[in-house]
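Heads up: the structure comes next, in structure tokens.
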């Protein structure tokens, strides 16, 4: 089967890099549509596609098979709720928080956004989610809000009980109050008129799309996000897509595993940046490749520089210096340089065993490395020092769920919700 003409059409219409899904996937989709149309001659299909927009839409539905589940990469939803409660609401803008999910697939992502925000205490009138996808079949499923077991990977049974209603056929329907803030729209992110006329969004989730696009389509998608997301707004992407945003000067948010970026650098320095400038922290980097001199900077070393972990001052680290070093550790973790981040956090934890931030980072790093017992031990130490640490409560709840301790995980989640609301989390 010669699919060259079809691949060219897909490249032009949706920017698809056929190598990202494989030619076999394309051929399988063609056979499925030929069978549906009752056409035996595969060589006719490119002509059919070119002549019928309806058939092109159906072929796109066939080839863009969704892969998603609820609260996929929970750290991103944790960061979203922190942003909503700690930044957006205190700004007093007197309007709902506007969020975008593109592509939204069969709805698990936009509904997860609504669940996370409402579970953190926001009411349905305080935010709005626009969920956009090019796949009409996925949008129909999303609007039904009915899901099977595959949509609840790593989610405890109590999660389903709280947010879904069981159906006689063994499937689950999302409770109406969590579906209410979500609007589903058909659209193509790389189209020139994408969401023209819509007010800007404060937050956009665009995860695991860029990796399937050719470079020109990637650039068009990022330009669209730049246009539809408000200045300084948040953009969440997949872990394999971060380089594309860095290259286009989106600003990384230093929260491990959030894979979040700002649409533009802040107008004013953050308090942490101000403290860095005031303290003039000097981080001694190790020898650069090729025997170049060492670099001295308060900023994280560039990704290509194999840097050694900075030495801590002999005397106790001052608060401003410590915060700058913790920020550096977070940046190293975000770059995937886990050993360096772990080494630096270990030194900070040794310097001040009673301060929970370094221990929390050690727990997150251990989890990223797959060392779940070490991650659990670190998070429990954090909660011993700070019983109301909401992020530690949520991450430990996730680990307990993985072990089947669903009731204990739910108790921790309840403490985490109360900690976010009032700063208290009674054990």
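The values are calculated or read from the model by the stated rules, or taken from the named source; none is laboratory data. None of the values given here were measured: they were computed from a predicted structure. Here the Cβ is made from the backbone with ideal geometry for all residues, glycine too, and neighbour counts use every protein chain on show.
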Checklist line | Matching residues, segment 5-23, being modelled with pLDDT of 85 or more and touching a strand residue (DSSP E or B) at 6+ places or on another chain (Cβ under 9 Å) | finding: 7, 10, 14, 15, 16
Notebook entry, point to check: How many residues are crowded, with 18+ Cβ neighbours inside 10 Å and either in a helix (DSSP H, G or I) or touching a strand residue (DSSP E or B) at 6+ places or on another chain (Cβ under 7 Å) (or both) when one looks only at segment 147-159?
Noted result: 4
Next item on the list: Tell me, yes or no, whether segment 112-120 has at least one residue that is modelled with pLDDT of 95 or more, on the phi > 0 side of the Ramachandran plot and in contact with a strand residue (DSSP E or B) (Cβ under 7 Å, 6 or more places away or on another chain).
Entry: no
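Conditions (1) more than 30 Å from residue 115 (Cα to Cα); (2) modelled with pLDDT of 90 or more; (3) crowded, with 17+ Cβ neighbours inside 10 Å, marked per residue:
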{"site": "25", "(1), (2), (3)": "yes, no, no"}
{"site": "54", "(1), (2), (3)": "yes, no, no"}
{"site": "77", "(1), (2), (3)": "no, yes, yes"}
{"site": "82", "(1), (2), (3)": "no, yes, no"}
{"site": "89", "(1), (2), (3)": "no, yes, no"}
{"site": "98", "(1), (2), (3)": "no, yes, yes"}
Next item on the list: Please state which one of 204, 223 is assigned by TED's automatic domain parsing to the domain that holds residue 96 and within 18 Å of the chain's Cα centre (by Cα).
Entry: 204
Notebook entry, point to check: Before we move on, is residue 101 closer than 25 Å to residue 170 by Cβ and under 18 Å from the mean Cα position of the chain (by Cα)?
Noted result: no
Notebook entry, point to check: Is it true that residue 169 is within 21 Å of the chain's Cα centre (by Cα), in a loop (DSSP other than H, G, I, E, B) and farther than 19 Å from residue 117 by Cα?
Noted result: no
Item checked: Given (1) outside the structural domain of residue 135 (by TED's automatic domain parsing); (2) at positive phi, number of the condition residue 24 does not satisfy -> (2)
Checklist line | In segment 115-142, the residues that are touching a helix residue (DSSP H, G or I) at 6+ places or on another chain (Cβ under 9 Å) and in a helix (DSSP H, G or I) | finding: 115, 116, 117, 118, 119, 124, 126, 136, 137, 138, 142
Next item on the list: Quick one: count up the residues across segment 163-189 that are surrounded by fewer than 12 Cβ atoms within 10 Å (Cβ to Cβ) and closer than 20 Å to residue 127 by Cβ.
Entry: 1
Next item on the list: Output the number of residues of segment 148-201 satisfying the condition of being within 18 Å of residue 77 (Cβ to Cβ) and either in contact (Cβ under 8 Å) with a residue 60 or more places away in the chain or outside the structural domain of residue 133 (by TED's automatic domain parsing) (or both).
Entry: 14
Next item on the list: Give 240, 264 a once-over and let me know the one that is over 20 Å from residue 324 (Cα atoms), at pLDDT below 90, surrounded by fewer than 16 Cβ atoms within 10 Å (Cβ to Cβ) and touching a strand residue (DSSP E or B) at 6+ places or on another chain (Cβ under 6 Å).
Entry: 264
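Do you know which of the residues in segment 367-391 that are crowded, with 20+ Cβ neighbours inside 10 Å and modelled with pLDDT under 85 is farthest from the chain's Cα centre (by Cα)?
Only one residue fits best here, namely 390.
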Next item on the list: Could you grab me the full set of residues in segment 396-408 that are in contact (Cβ under 8 Å) with a residue 40 or more places away in the chain and within 19 Å of the chain's Cα centre (by Cα)?
Entry: 398
Margin query: Out of everything in segment 185-201 that is within 30 Å of residue 92 (Cβ to Cβ) and in a strand (DSSP E or B), what residue ends up being nearest to the chain's Cα centre (by Cα)?
Written below: 201
Note to self: Looking at 363, 346, 336, can you tell me which residue is crowded, with 20+ Cβ neighbours inside 10 Å and free of Cβ contacts under 8 Å to residues at least 40 places away in the same chain?
What the structure shows: 363
